[in-house]
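What follows is one structure encoded as structure tokens, with my remarks underneath.
The values are calculated or read from the model by the stated rules, or taken from the named source; none is laboratory data. What you are looking at is a predicted structure, and each value in this text was computed from that prediction instead of being measured. All Cβ positions, glycine included, derive from the backbone under ideal geometry; neighbour counts span all protein chains shown. Accessible surface is based on the protein model in full, side chains and every heavy atom, while ligands, DNA and RNA are left aside. Shrake-Rupley method; radii C 1.70, N 1.55, O 1.52, S 1.80 Å.
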Amino acid sequence: MATDTIDATKDPGGSAALRRVLLDNGALSALVLLVAAMALLSGDFLTTDNLLNVGVQAAVTAILAFGVTFVIVSAGIDLSVGSVAALSATVLAWSASSQGLPVWFAALLALTTGVACGLVSGALVSFGKLPPFIATLAMLSIGRGLALVISQGSPIAVPDSVSNLGDTLGGWLPVPVIVMVVMGLITAGVLGRTYPGRAMYAIGGNEEAARLSGIRVTRQKLVIYALSGGFAAVAGIVLASRLSSAQPQAAVGYELDAIAAVVIGGASLSGGVGKASGTLIGALILAVLRNGLNLLEVSAFWQQVVIGVVIALAVLLDTVRRRAGAGPGAPGAAAGGPSGGGRKKAVTAGKFALAAVVVAAIAFGASVWRSGSSGAASTKVGLSVSTLNNPFFVQLKAGAQEEAKRAGISLTVTDAQNDASQQANQIQNFTSQNMKSIIINPVDSDAAGPSVRAADKAGIPVLAADRGVNKAKIATLVASDNIAGGKLAAKTLAERLGKKGTILVLQGTPGTSASRERGKGFAEGLKAYPDIKVVGKQTADFDRAKGLDVTTNLLQAHPGIDGIFAENDEMALGAVKALGSKAGKSVAVVGFDGTPDGLKAVENGTLAATVAQQPKELGRMVVENAVKAAKGQKIDGTVKVPVKVVTTK
């Protein structure tokens, strides 16, 4: 039978071979193109240390994604893996550190926790007939809630033997990378060489046909979700080892990264398609993107846009490849080459692939405009901010950039998005870039320790802004005293209330040092006023919208309150909105931070007071000291930024 083939000799430029590679290996091609682009745009990318960083940064996402692969291949979805990872890590740290159990037994409990969560999700899907989306969404909330209950909202340190999992073997090979490879091999083995693996493909391809062929679908779904939960537990242990602590708020949003990695790797959300190698490639694509964009000093805000665009391109490229290969049965296609409509589809796909490459090249070329940088000076300083979704830290960033411009240095600013693991990655990337000095505004003081120690080992001075770093050497801490500020807020509110009354307290994000310290200071300060009673206390995550909702709910139970203390101005402004006309009149609200909106509310009389930390001045002072540290000049171990109370009187 005659077949049509592509004659490479008629194409001296080799474009036919390129098209073939692009069409046959969409995700791998996207990864190769990304690596090539990053290598061209950043001289720091292809160094051995940085490539190992990429592997470490991909490890947790990849392990989670391997577990999710089982679920997606069987036409399901698992939104709970991030929360299950955090819960498993918390169980490990709590049982080993707080309860004194042997580490091996604590690790076994953590794995059992993950598997149990998976079994519950599987039971809800199999026996409860809940859609996988709903069942795992419920487990997402349950897992996160249990992690917070066990930890009481605070990080728990893990034993040194667990922390060692985040280190290296032989001084160069990271243990998380080894764990990632092992879990990948296990995934490949299960999918390709076991009965449950073959059942997953059958269920994903056609569940009813699988049932009629004798597969016990209900039982297999229990196995599938149990595997996903077990892999999530392993990911949680690896994450805790990297951070030297279990963070109850860790891995938020990681389930979306895991699903994206699986889909980028070629799996179909409709089921029946997927493999371990593709999932690994998908996880590496995400890690390369984040690492490379950090090295290119792309603005933290634009990074999200670029990552989304490239993910879409990678998936679209693989989709076109599949469509080209699935053209209606031309005989030639079966014999090794497309014919008729199939060839046209292949050509179209080749053109699309070329267009995708061009678009990607333009995107990366545009990233040379380093909007996160304050210039191209020889002195390079990195600043990792805990979050830029908060006016206080936006002001801190603005002050830092103004001082960097005045001093004539290059300042790279990254946003950790309140994710301690992401911040650890950013500090690693700064270290790979050989920054002259690094500034960290820690998401969590304990979790920042390992990455700061690595930077110190590389001879790079690290300065802490607003919050300290535990178990690591830093050049200086530039901060106001959150505990003292909390005491000042208590005194101010008490005096406004005439030293008696009932109040509500709005707490920040559980586990963050700012929330702990401000809350501790306020509680200590309130002891001097025994006639003031706290009748309600709830978390609002430093968020204005949540502050509004939480205050509205608390007012239903306590309509006659006299005052509110919020651990930041954003929550205080939400409380003001909930109070309406009562704000500043019958109910006094005291905030914290001294943000522009907070100060304006004080001026208008709706906010009774705010403890102003002068974030812009803090940013200016920390960069000033970072420049001195970069030049080897002596700086003080602690630099205090003046705190003041701003009131309507």
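May I ask you to verify whether Lys537 is of a type in the set (D, E, K, R), touching a helix residue (DSSP H, G or I) at 6+ places or on another chain (Cβ under 6 Å) and either open to solvent by less than 10 Å² (accessible area, probe 1.4 Å) or under 26 Å from Asp446 (Cα atoms) (or both)?
Spelling it out, it is not the case that Lys537 is of a type in the set (D, E, K, R), touching a helix residue (DSSP H, G or I) at 6+ places or on another chain (Cβ under 6 Å) and either open to solvent by less than 10 Å² (accessible area, probe 1.4 Å) or under 26 Å from Asp446 (Cα atoms) (or both).
Determine if segment 616-628 includes at least one residue that is in contact with a Phe, Trp or Tyr (Cβ under 7 Å, 6 or more places away or on another chain), touching a residue at least 40 places away in the same chain (Cβ under 8 Å) and among the polar types (S, T, N, Q).
Keep residues of segment 616-628 that are in contact with a Phe, Trp or Tyr (Cβ under 7 Å, 6 or more places away or on another chain), which gives none.
Among the residues of segment 616-628, not one is in contact with a Phe, Trp or Tyr (Cβ under 7 Å, 6 or more places away or on another chain), touching a residue at least 40 places away in the same chain (Cβ under 8 Å) and among the polar types (S, T, N, Q), which makes the answer no.
Looking for whichever is in contact (Cβ under 8 Å) with a residue 24 or more places away in the chain, over 29 Å from Gly632 (Cα atoms) and open to solvent by less than 10 Å² (accessible area, probe 1.4 Å) here; the options are Leu506, Leu488. Which one fits?
Numbers: Leu488 fails: open to solvent by less than 10 Å² (accessible area, probe 1.4 Å).
Answer to the check: Leu506.
Just wondering, is there one or more residues in segment 275-288 that are modelled with pLDDT of 70 or more and either surrounded by fewer than 21 Cβ atoms within 10 Å (Cβ to Cβ) or more than 25 Å from the chain's Cα centre (by Cα) (or both)? Quick ask: steps written out before the conclusion?
In the first step, residues of segment 275-288 are kept if they are modelled with pLDDT of 70 or more; the result is 275-288.
Cutting the leftovers down to either surrounded by fewer than 21 Cβ atoms within 10 Å (Cβ to Cβ) or more than 25 Å from the chain's Cα centre (by Cα) (or both) gives us 275, 277.
Within segment 275-288, one or more residues are modelled with pLDDT of 70 or more and either surrounded by fewer than 21 Cβ atoms within 10 Å (Cβ to Cβ) or more than 25 Å from the chain's Cα centre (by Cα) (or both).
Show me the helices (runs of 4 or more DSSP H) found entirely inside segment 158-209 where at least 1 residues are open to solvent by less than 30 Å² (accessible area, probe 1.4 Å) and more than 20 Å from Ala62 (Cβ to Cβ).
Here the list reads 160-163, 195-205.
Per-residue answers, yes or no, for (1) hydroxyl-bearing (Ser, Thr, Tyr); (2) within 27 Å of the chain's Cα centre (by Cα); (3) over 22 Å from Leu289 (Cβ atoms):
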| residue | (1), (2), (3) |
| --- | --- |
| Leu191 | no, no, yes |
| Tyr195 | yes, no, yes |
| Glu208 | no, no, yes |
| Gly214 | no, no, yes |
| Ile224 | no, yes, yes |
| Ala258 | no, yes, no |
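Based on what the data block shows, is Gly236 modelled with pLDDT of 95 or more, assigned to a helix (DSSP H, G or I) and crowded, with 24+ Cβ neighbours inside 10 Å?
Spelling it out, Gly236 is indeed modelled with pLDDT of 95 or more, assigned to a helix (DSSP H, G or I) and crowded, with 24+ Cβ neighbours inside 10 Å.
Tell me the residue from Gly584, Gly563, Gly598 that is farther than 15 Å from Leu497 by Cβ, open to solvent by less than 30 Å² (accessible area, probe 1.4 Å) and not charged (D, E, K, R), please.
Unique residue meeting the criteria: Gly598.
Can you report the number of residues in segment 548-562 which are hydroxyl-bearing (Ser, Thr, Tyr) and without any contact (Cβ under 8 Å) to a residue 24 or more places away in the chain?
Counting residues in segment 548-562 that are hydroxyl-bearing (Ser, Thr, Tyr) and without any contact (Cβ under 8 Å) to a residue 24 or more places away in the chain gives 0.
Is segment 513-520 home to any residue that is modelled with pLDDT of 90 or more and acidic (Asp, Glu)?
no
Tell me the residue from Lys577, Lys582, Lys600 that is free of Cβ contacts under 8 Å to residues at least 12 places away in the same chain and more than 26 Å from Asp531 (Cα to Cα), please.
Lys600
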